[in-house]
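Encoded as structure tokens, the structure appears first; notes follow it.
Derivation of every value follows stated rules applied to the coordinates shown; laboratory data play no part. Quick caveat, the model's predicted, so the values are computed rather than measured. Every residue, glycine among them, receives a Cβ derived from its backbone with ideal geometry; neighbour counts consider all protein chains shown.
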Amino acid sequence: MMGVLALSFSWVLALVTIEQKLTTSMSAQAVADAAALAAIENGEGVAQQLVAVNQARLVSLEARSEAGVGTTVVVVVELDGVLAQATASNAN
């Protein structure tokens, strides 16, 4: 009986760990997406503030402009050890 309880506890603990990693991954991606959009619409400073408010770290923010096409921003953020990347563009 104790073996069954121990095995059940191990499975529950593993599932909780997986859920936490998925939640962190989704949160990191949401912050990266929001930061990329903020950078396109309002500039790098607003993107940095948004990342900081979400307790993440801005790893990189690259903006590339092409004449007559628009600007593309690529953002990488780190949240609790998870990296996420997002791209936003205002291209026509």
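Miscellaneous remarks
- With helices as the sole contributors, the chain gives -19500 deg cm²/dmol at 222 nm; each DSSP H run of n ≥ 4 counts as -39500 (n - 2.57), and the sum is divided by every residue.
- Rounded to the nearest whole Hz, the Karplus-based 3J(HN,Hα) values (6.51 cos²θ - 1.76 cosθ + 1.60, θ = phi - 60°) of region 84-92 follow the sequence 9, 10, 9, 10, 9, 9, 10, 4, 7, with x at glycine and proline.
- Dipole orientation for region 2-89: of the candidates Val46, Val16, Ala88, Val16 has the Cα lying most toward the positive pole (charges on Cβ; Lys, Arg +1; Asp, Glu -1).
- Over region 2-89, relative contact order from alpha-carbon pairs under 8 Å, at least 6 apart, %: 29
- Square roots of five times the Cα gyration tensor eigenvalues for region 2-89, Å: 38, 12, 8
- Note on Glu19 and Glu78: the extension gain reaches 19.4 nm, defined as 0.36 nm multiplied by sequence separation minus the Cα-Cα distance.
- Here the dipole of the chain is about 200 debye; that uses its Cα centre as origin and unit charges on the Cβ of Lys and Arg (positive) and Asp and Glu (negative).
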